[in-house]
Structure formats: C-alpha cells, structure tokens
Amino acid sequence: MEWKKLISARRLGVETYRTNAMDERSEFLRDYDRLIFSAPFRRLQNKTQVFPLPGSVFVHNRLTHSLEVACVGRSLGNRVARSLVSLHPELADTSVEEIGSIVSAACLAHDLGNPPFGHSGERAISTYFSEGKGSALRADLTDMEWDDIVHFEGNANAFRLLTHQFAGRRSGGFALTYSTLAAIVKYPYASCYAGGKPKFGFFHTEAETFRMIADELGLVRLSAEGEPLRYCRHPLVYLVEAADDICYQMMDIEDAYKLKLLTPDETTELMLTFVEESRRARVEETFRMVTDRNEQIAYLRSKVIGILIDECAEAFVAHEEEILAGTFEGSLIKHTGERCRSAYAHCSKVAVDKIYRSRDVLDVELAGFRIINTLIELMVDAVTHPDKAYSKLLIDRVSSQYEIHSPTLYGKLQAVLDYLSGMTDVFALDLYRKINGNSLPAV
C-alpha cells in the first residue's frame, strides 16, 4: 500500500463535488465537523459506555468517550504524520500531513453504530436470532444474510449508518471522505469470516461500497475474486484502535475510582506502573503537590495517556513496512515496550475482575439485554406479520426513514435493526415501558 493513495479526500456518493473555495477547512476537518453536528453523534450522550448513565456521580457515556478518543487519535495521528514526513521527505506537503485530522474524525464515528446498552445490546440482537425466536427465520435467509444478523456488530453498523442511503438522505450517507470511512473499519471483511467471534466490518448490503473504497485506496485484498470480501486494514485503523484502547482502559479505571470500585491507593498504583523508574520520582513529586484526590488521579491519568500515545506512535512507525504490506498482526498496544505492555495487561485484568463484573455494570447488562430482546421480538413479529392490528400500531410508530416495508425479509430485519440500534438507552427503556403498559404518555 502507498501513503499517497491511502489518503484520499474523495467523498462517497458525491465524488465530483468541489469544496467552496472560501472554506479554509481541509476535507478531513469537514468530516469531523459534519460528524459533530449530526443527530447520531448527539444521541451518543444517552448511550451507555460501561457504567450506568449518571446519577450523582458523572461517568463516561458514548459521547464523552468518543470525544476523548478523538483527542487522543488526533495526537497519535499528528505524531505519526511528523515521523513519516521525517522518514520520507517526499511526503512533505501532501495529504499525509492530515493524518491527525483523519484519525480524529474516524474516532468520532467509531461508536455510532452501537445499539443501546453497549455490548449487552449487541449480544441481545445476535442471540435473538441464534438462540431465541428469531432462529425460526433461518430457512428464509441466505447464508450471508444469516451471518450478518447472528454476528451483529456495532462496527459494521457504523459503516452502514455512515454510507447507506436511508430514506430522505442524499446518496452516500454522510458523504464522508474515503479515508475517514476506511479508517473506522476495524475488521475489513464480510460476516462469513467472523467465525466464533462476532467481529466483521460491513453487512453484505454495504459490501460493494466497501469494495469500491478499498480498491480506490489500494488496500490489499486477501480474498480471491468471486469470494466474499476480505481486505487488510487501512493503516490508520491501527491508530483509531489504539486511541480507543487507551481511552476506554484509562477512563474506565478513573470512573471506577469515582464510583469507589477501586480505592485511591489501588488506582494510583495501577497508573504508576506505566511510569519508568527514571521518571517516577518527578511524577510522584508533582502528584504530591496536587492536594485534591480527584485531581491527583486525573493528573496520573493524563501522564499515562501521554506515555501510551508516545509508545503507540513509536510502534506504528517502527512497524510501518509491515503495516503497509498488510502483514502486521495484533494491536499497537501489544507492540509497545515491555513496561507498557505489562502495565496495560495488568489494568485489563483488574478491569475485568473489579469493573466489568461489578454489580452495577452487570445489572445494566441484564436490564439492557431484556429490553432489547423484548423490543426486537415485538418488532420482528410486526414486520413479518404486518396485517395484525398490533403490528400496524408498532409499524406506524417507526420513522419513515427506515425501510420497514422492504420487499425482502432481510430488508425488513435490517430496518428493525437500524431502528433499534439508533435508539438511546433512555428511548429504548421508555418504549419498553410503554409497550409493556408500565407507563403512558403524559396528558
């Protein structure tokens, strides 16, 4: 793969569009702004990240997480861009210098396709078809259609949201640049390759769109002609992934401290393990100068994020040749120095033991699973039996932008998933209560 080809400002669906000459923003900054002002991005403020949406203690939701990931992604991208230009002077004054803007925009978009209640929502959708009443529909779907829904994946759904021409929307979805779109596809292959893990990058309805983008950017194709698509990652995906890995790990630790799942001493020690011995005395000195405990933890978190940014940027540049050849394996975090790798692995273990299995988190997952399972069961029944009186009531409630009257069963099911995944946690809970007769609209 070649950098000059990988960075393209061509816009999906409006390839011949020309920017207003008075607009001083680059095409990739325009991607960023377009996402910030979009309704799907705004809805992330009411979608669970890990912990329940805030009561008296404010914790991260999908919106604050995405904004933080975008900040880290911009720093990573800018660091890498400077290093690449230094190593390859011929890349100076090219779009390679915009890598920070591209990664930042992709980071904003990376969670747009996640349904309510985080990974619990994804599992509820998948298992409704693989284990629940939806399994009865297997005989009426192709193998590829079935793989799409039993491996439902937020990453693939984000690509669909950004590229699909929903009713009332102009061609090309958000009309983002090819490079920004490619940078969000963490698993650039069809659902039939997901195997035992529900991870893939696009539904088969968007496969041709991804193929067009991938071929235009010169991504290495790994599948033979005539087989379902499988490509290597766009190099910038590794930076988006690293920004996400850095933020969710460190911010979850900080949130756990605020919710008293971790003690101040546990949190401090976890974060200090990232700091080299030669720098530890200075960091601890500054730490003691800050008297507020919350600010002390925030200071350490910022230092750790800075260390991880440096290490991941260095890992990317060190493995540039493998990344461009499509042979690089694993995440950038796994190619950082021994201290960082060990500290990150330790944090991950603590997070699993003390955070992701905590009662509050499990309660949200249980409730979210039940809510999504109930809603999908009712909506699928409605679209497969649209003549029933109750079905008509449910269908009339769905916005006309969703193709609920699609001529194919798969099209109807996708419309249901589009509708459900676009909901916020609060909207899904409210609809669930109303459908169950537990609440009525205010009079």
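The values are calculated or read from the model by the stated rules, or taken from the named source; none is laboratory data. Predicted model, so just to flag it, every value in this text is computed and none were measured. Neighbour counts run over all protein chains shown; Cβ positions are idealised from the backbone, glycine included. For the accessible areas, the whole protein counts, side chains as well, though only heavy atoms, and no ligand, DNA or RNA atoms are used. Shrake-Rupley method; radii C 1.70, N 1.55, O 1.52, S 1.80 Å.
The table below gives the values:
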quantity: Residue list for the stretch 375-385, restricted to those being under 13 Å from T127 (Cβ atoms) and either hydrophobic (A, V, I, L, M, F, W, C) or open to solvent by less than 30 Å² (accessible area, probe 1.4 Å) (or both); calculated: I376
quantity: Considering residues of the stretch 191-213 that are of a type in the set (G, A, S) and surrounded by 24 or more Cβ atoms within 10 Å (Cβ to Cβ) only, the residue farthest from I149 (Cα to Cα); calculated: G201
quantity: Condition met for A242 (in contact with a Cys (Cβ under 8 Å, 6 or more places away or on another chain) and either closer than 30 Å to Y187 by Cβ or modelled with pLDDT under 95 (or both)); calculated: yes
quantity: Any chance R79 is in contact (Cβ under 8 Å) with a residue 40 or more places away in the chain, within 29 Å of Y432 (Cβ to Cβ), crowded, with 19+ Cβ neighbours inside 10 Å and in contact with a helix residue (DSSP H, G or I) (Cβ under 8 Å, 6 or more places away or on another chain); calculated: no
quantity: Residue list for the stretch 101-122, restricted to those being part of a helix (DSSP H, G or I) and at pLDDT 90 or above; calculated: S101, I102, V103, S104, A105, A106, C107, L108, A109
quantity: Qualifying residues in the stretch 31-49 (those that are part of a loop (DSSP other than H, G, I, E, B) and either open to solvent by less than 30 Å² (accessible area, probe 1.4 Å) or touching a strand residue (DSSP E or B) at 6+ places or on another chain (Cβ under 8 Å) (or both)) - the one modelled with the lowest pLDDT; calculated: Q49
quantity: Long-range neighbours under 7 Å by Cβ, at least six apart or interchain, first residue surrounded by 18 or more Cβ atoms within 10 Å (Cβ to Cβ) within the stretch 123-137, second among the polar types (S, T, N, Q) and modelled with pLDDT of 90 or more; calculated: A124/N373; Y128/N373; F129/S135
quantity: Hits in the stretch 139-152 - residues which are within 18 Å of L229 (Cβ to Cβ) and either touching an Asp or Glu at 6+ places or on another chain (Cβ under 7 Å) or of a type in the set (S, T, N, Q) (or both); calculated: T142
quantity: Residue check for L270: farther than 30 Å from S83 by Cα, outside any helix (DSSP H, G or I), open to solvent by less than 20 Å² (accessible area, probe 1.4 Å) and touching a residue at least 60 places away in the same chain (Cβ under 8 Å); calculated: no
quantity: Scope the stretch 321-335; condition assigned to a helix (DSSP H, G or I) and open to solvent by 20 Å² or more (accessible area, probe 1.4 Å); matching residues; calculated: E321, E322, L324, A325, K334, H335
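Table: residues versus (1) of a type in the set (D, E, K, R); (2) open to solvent by 10 Å² or more (accessible area, probe 1.4 Å); (3) modelled with pLDDT of 95 or more.
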position	(1), (2), (3)
G337	no, yes, no
C340	no, no, no
A343	no, no, no
S348	no, yes, no
V352	no, yes, no
V364	no, yes, no
R370	yes, yes, no
D387	yes, yes, no
I395	no, yes, no
